[in-house]
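Below is one structure, written out as structure tokens, with a few remarks after it.
The values are calculated or read from the model by the stated rules, or taken from the named source; none is laboratory data. Since the structure is predicted, the reported quantities are computational estimates derived from the model, not experimental observations. For neighbour counting, all protein chains shown are included, and Cβ atoms are generated from backbone atoms with ideal geometry for every residue, glycine included.
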Amino acid sequence: MLKYILSFFIVIHGLIHFIGFAKAFNFGTISQISKEISKPVGLLWLGTAFLFLFVTILFLLKKEAWMIVGITAIVISQLLIFAVWKDAKFGTIANIIILVAVLLNYGSFHFEKSYHKDVHVNLQRTNTLEMDLLTETDLTALPEPVKRYLKYAGVVNKPKVKNMRIAFEGQMREKGKDFFPFICEQYNFFDNPTRLFFMKAKIKGFTVPGYHKYSNANAIMDIRLFGLFSVVKKSGKEMDRAETVTLFNDMCLMAPATLIDKRISWQIINSSSAKAIFTNDKITISAILYFNEEGQLIDFISTDRDVNNNPFSTPVSNYKNLNGINIMTYGETIWHYPDGKFVYGKFNLKEVEYNVSGMK
């Protein structure tokens with residue numbers, strides 16, 4: 001809604017500049033501006049009007065250039081306003097509002113650029129890796145329910161996975177608060193376990209981007225209002241361990257081909273569940289995976305994501321074939337506290353790509 005309000009505001013502000021053009025060329029009786037305007041300057045008023053309309057189009061199309069064009073339009077507009085200050089001074093307020101919108105959007109843009117840079121660096125590394133096929137031999141050491149899962153997923157006799165890109169939309173919340181909507185894009189890299197997760201949330205109409213980065217067994221969560229003002233910033237050993245669980249959860253749910261990784265050791269529980277122990281660098285975590293008769297992974301439970309050992313689970317469902325792989329497309333993130341179950345996230349998988357060579 002704010003997007004369209006701002007667009008309407010920019011259009012109206014732009015159209016007002018036609019008054020300066022009309023004054024210069026004597027189109028009608030223009031009483032709003034008392035000072036005479038030369039025709040060359042009148043053409044500048046006209047050009048500025050079209051420039052603001054162009055800004056609106058770029059903004060609605062989500063083109064990054066709208067910010068640069070917007071600054072240009074604001075500067076020219078303000079110079080024109082100074083020339084007829086007595087009659088047009090209130091146009092300064094409109095320019096300030098648009099300038100603030102540009103700066104806030106630039107904050108989010110610049111923040112997201114740091115994520116893009118990290119993705120690019122990791123893609124360059126994994127692009128040099130060879131891509132062998134995953135065969136039946138690779139499944140030998142896996143418990144039977146895990147074997148069934150990989151076969152159901154359809155990863156056998158297909159390339160092993162070195163990285164993946166996924167896109168989600170869904171809802172999240174903090175305990176005691178309402179859900180807020182979000183969209184996110186994420187890249188995972190599996191040679192050197194890395195998870196780069198960039199989320200754009202809408203909280204009470206405001207854009208709140210967040211970047212979760214896990215690399216070299218170190219995790220950072222950075223959430224900023226408009227990409228400028230820090231809301232939450234966390235790191236440290238507890239965060240490193242928690243994000244190791246999250247990364248392994250991604251492997252289990254969305255990159256089943258990676259479950260042949262030698263950093264995973266397995267313990268058989270029964271025909272429908274198995275315990276996985278995953279080690280990355282000096283961090284070791286574990287989880288129990290639950291499967292149904294069809295071979296689908298239906299739940300993941302770990303007590304290593306919380307310092308108090310509260311169980312963390314991710315029940316999943318709605319399996320679909322995406323890019324040749326049978327994969328879940330709906331999941332929830334749940335904390336199991338002593339006072340009851342708390343669902344804090346609902347995720348709908350929209351896109352998944354494996355072994356990507358460049359950013360989308």
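Brief remarks on what is shown
- Positions within the stretch 328-350 being closer than 30 Å to Glu130 by Cα and either modelled with pLDDT under 95 or in contact with a Leu (Cβ under 7 Å, 6 or more places away or on another chain) (or both), in sequence order: Met328, Thr329
- Options Phe59, Phe90: the member that is touching a helix residue (DSSP H, G or I) at 6+ places or on another chain (Cβ under 7 Å) and among the aromatic types (Phe, Trp, Tyr): Phe59
- Residue match in the stretch 68-83 (condition: surrounded by 15 or more Cβ atoms within 10 Å (Cβ to Cβ) and of a type in the set (S, T, N, Q)): yes
- Qualifying residue in the stretch 236-256 (condition: assigned to a loop (DSSP other than H, G, I, E, B) and touching a residue at least 12 places away in the same chain (Cβ under 8 Å)): yes
- Listing of helices (runs of 4 or more DSSP H) fully contained in the stretch 1-119 that carry 2 or more residues being hydroxyl-bearing (Ser, Thr, Tyr): 2-16, 39-60, 65-83
Conditions tested, residue by residue: (1) in contact with a helix residue (DSSP H, G or I) (Cβ under 6 Å, 6 or more places away or on another chain); (2) in contact (Cβ under 8 Å) with a residue 12 or more places away in the chain.
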residue	(1), (2)
Ile97	no, yes
His120	no, yes
Asp138	yes, yes
Glu169	no, yes
Lys177	no, no
Gln186	no, yes
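- Phe342 being out of contact with any His (no Cβ under 7 Å at 6 or more places or on another chain) and surrounded by 19 or more Cβ atoms within 10 Å (Cβ to Cβ): no
- Scope the stretch 328-353; condition more than 16 Å from Glu169 (Cα to Cα) and touching a Gly at 6+ places or on another chain (Cβ under 9 Å); matching residues: Ile334
- Residue in the stretch 137-167 that is nearest to Thr126 (Cα to Cα), counting only those that are of a type in the set (A, V, I, L, M, F, W, C) and touching a Pro at 6+ places or on another chain (Cβ under 7 Å): Val155
- Among residues of the stretch 192-207, those that are modelled with pLDDT under 95 and over 18 Å from Phe347 (Cβ atoms), counted: 4
- The criterion of at least 2 residues that are more than 19 Å from Gly331 (Cβ to Cβ) is met, among strands (runs of 3 or more DSSP E) falling completely within the stretch 133-223, by 194-203, 206-215.
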